[in-house]
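Remarks on the structure that follows.
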Amino acid sequence: MSHTDPMILALRALGEPVGTPRDDDHAQTCAHCRQQLARLSELVDLARSGGPVESLEQPPPAVWDRIAAEVAGDLAAAANGAATGNGTAVIPARMAEPARVDAGHGREESAADAAHGRRSRRARGRLATVLAGVAAGLIIGIGGTAGIVQLTRAPATRVVAQIELSPLPAFPQWQGTTGTAVMRATGSQQLMVVTLHAPQRSGFYEVWLLARNGVSMISLGDLNADQTGTFTLPPGVDLRDYSRIDISLQPFNGSTLHSKTSVVRGSLPAVALGAAPSA
Amino acid sequence: MDRTVDEDVSGAFSKGHPDALALVYERFGSLVYSIAVRALGAKSDAEDVTQQVFVSAWRSRDTFDPGRGTLGGWLVTITRNKIADAMRQRQRESRVLLQVAGGAAVQAPEAPADQVVDRIMLADELAQLPESQRLVMVLAFYSDLTHGQIAQVLGLPLGTVKSHIRRSLQRLRSRLEADGVAY
């Protein structure tokens, strides 16, 4: 008998009751499939233990400066030791700096300008080589410049919450429409990534934050033709008050006010309310 | 086909490119720092540990063997060691303080639980996934949605969601297993 479809094992590890009784029988008797399922289940358990995704924190920029200074010190010492030799010691004119430009990095001003220039060019050449190697891998791997950006700008956003958006009972014409809002925090701002699955209608869909009093609203913006949009939340907005997300269908009538046709709505979970952007 | 950014960074590093350290830091700085913050609490201590980890990694880069494990796993091992050093240092300091103050027994410092480190490593690996795969996995892990509902919510074909789930789970699992190799 062939092994259980890896797809079924993956979904089962996530807790979805998929597959047939035959799969059950097989998974119980086949050591290979049992082990596969156990590996994936362990991963799912790890992910789900102890709440939402762990947030990754970026070290302050000064940490890199200190590392670069210490390593540059090593290299300078090595160069001094080898100064009487044939000069094969590799000295970068300066350490390449990740994702930021550092103005004050002059170390050895006593070095002759010509030599300094030569070293700078060599250092740049090495970085180019390193990056070329990285790029070559990316063409095979995930491809193109997007990957480089992903590498050099470490992922700095984290998901704070996912919010299900659903139609209000008062608007039966929108039953079956769904939406989701994923709230993300970057170092300095909060983003809302909104997707809607609604029928194409005349007009456009607009995303709002709705205050507890049910009256005050902040417009985040309009959804694209594919019914998605990414919006920056106004800095300083009090999400304990503006705790609901609303999507309206707006007619092309020039009015900037909410049309009073709410398509779907959802509430921010408690985890999002106190989510100040991590400084 | 499964060649990754990590492998390229790791290759450049093990070949001793001085500039590779910047790439390594860019890729793994937040992982190391996040583990240190969780373990030590104080950000200044976590910054010191992060600095020590990368300087130490650079100085002992000859001992890193890409054939024996991932660069991420190697750095996490160094991070654990530096955290343990920092905790011993703290313990010494508090013992001295308590002796001065004539206080009671000193509590042994707690090493970061393996599970916490594993969860941070998982978050780091999740962050490396392409955006749409990452969203699918975050929903699969942390919402009660079925794969069918995830497809609906994200507006992706069912087959795409299923293959994202299968491949991402496998990838996360094998990467974490590779990272977990102890030196």
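Inspect all residues belonging to the stretch A:185-205 and state whether any of them is within 20 Å of A:P172 (Cβ to Cβ) and under 24 Å from the mean Cα position of the chain (by Cα). Looking for residues that are within 20 Å of A:P172 (Cβ to Cβ) and under 24 Å from the mean Cα position of the chain (by Cα), one finds at least one in the stretch A:185-205, hence yes. Within the stretch B:45-93, the set of residues being without any contact (Cβ under 8 Å) to a residue 60 or more places away in the chain and outside any helix (DSSP H, G or I) comprises B:S60, B:F64, B:D65, B:P66, B:G67.
Having 3 or more residues that are more than 30 Å from A:E57 (Cα to Cα) and not polar (S, T, N, Q) is the bar; report the strands (runs of 3 or more DSSP E) wholly within the stretch A:166-221 that clear it. Let's see the steps before the verdict.
Details: elements: A:178-185, A:190-197, A:204-210.
Where strands (runs of 3 or more DSSP E) fall fully within the stretch A:166-221 and carry at least 3 residues being more than 30 Å from A:E57 (Cα to Cα) and not polar (S, T, N, Q), they are A:204-210.
Against the criterion of being in contact with a helix residue (DSSP H, G or I) (Cβ under 6 Å, 6 or more places away or on another chain) and modelled with pLDDT of 85 or more, A:V263 qualifies. Of the numbered criteria (1) at pLDDT 85 or above; (2) within 14 Å of another protein chain (Cβ to nearest Cβ), the one B:T77 fails is (2). When the stretch A:62-93 is filtered for residues that are modelled with pLDDT under 85 and closer than 23 Å to A:T186 by Cα, only A:D65 remains.
Of all residues in the stretch A:1-14, those satisfying the criterion of being within 30 Å of the chain's Cα centre (by Cα) and more than 9 Å from every other protein chain (Cβ to nearest Cβ) are A:I8, A:R12.
Filtering the stretch A:228-256 to residues that are assigned to a loop (DSSP other than H, G, I, E, B) and either at positive phi or acidic (D, E) (or both) leaves A:G236, A:D238, A:D241, A:G254.
Looking only at residues of the stretch A:20-62 that are surrounded by 14 or more Cβ atoms within 10 Å (Cβ to Cβ), of a type in the set (S, T, N, Q) and closer than 30 Å to A:A161 by Cβ, we find that the one that is farthest from the other protein chains (Cβ to nearest Cβ) is A:S41. Of the residues examined, A:P17 is one that is closer than 21 Å to B:V161 by Cα and of a type outside the set (A, V, I, L, M, F, W, C).
Across the stretch A:187-220, the qualifying residues are those that are in contact with a strand residue (DSSP E or B) (Cβ under 8 Å, 6 or more places away or on another chain) and among the hydroxyl-bearing types (S, T, Y), and the one among them that is surrounded by the fewest Cβ atoms within 10 Å (Cβ to Cβ) is A:S216.
Residue-by-condition table, conditions (1) out of contact with any Ser or Thr (no Cβ under 7 Å at 6 or more places or on another chain); (2) over 25 Å from B:G155 (Cβ atoms); (3) not assigned by TED's automatic domain parsing to the domain that holds A:L165:
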site	(1), (2), (3)
A:F204	yes, no, no
A:R212	no, yes, no
A:G221	yes, no, no
A:D226	yes, no, no
A:G229	yes, no, no
A:L233	yes, no, no
A:I245	yes, no, no
A:Q250	no, no, no
A:T261	no, no, no
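Each residue in the stretch B:131-179 was checked for being part of a loop (DSSP other than H, G, I, E, B) and touching a Ser or Thr at 6+ places or on another chain (Cβ under 8 Å), and 2 pass. The set of residues from the stretch A:13-47 being in a helix (DSSP H, G or I), charged (D, E, K, R) and in contact with a Ser or Thr (Cβ under 8 Å, 6 or more places away or on another chain) comprises just one member, A:D23.
The values are calculated or read from the model by the stated rules, or taken from the named source; none is laboratory data. Here the structure is a predicted model, which means the values were calculated and not measured. Because the Cβ atoms are built from the backbone with ideal geometry, glycine has one as well, and the counts that use them run over all protein chains shown.
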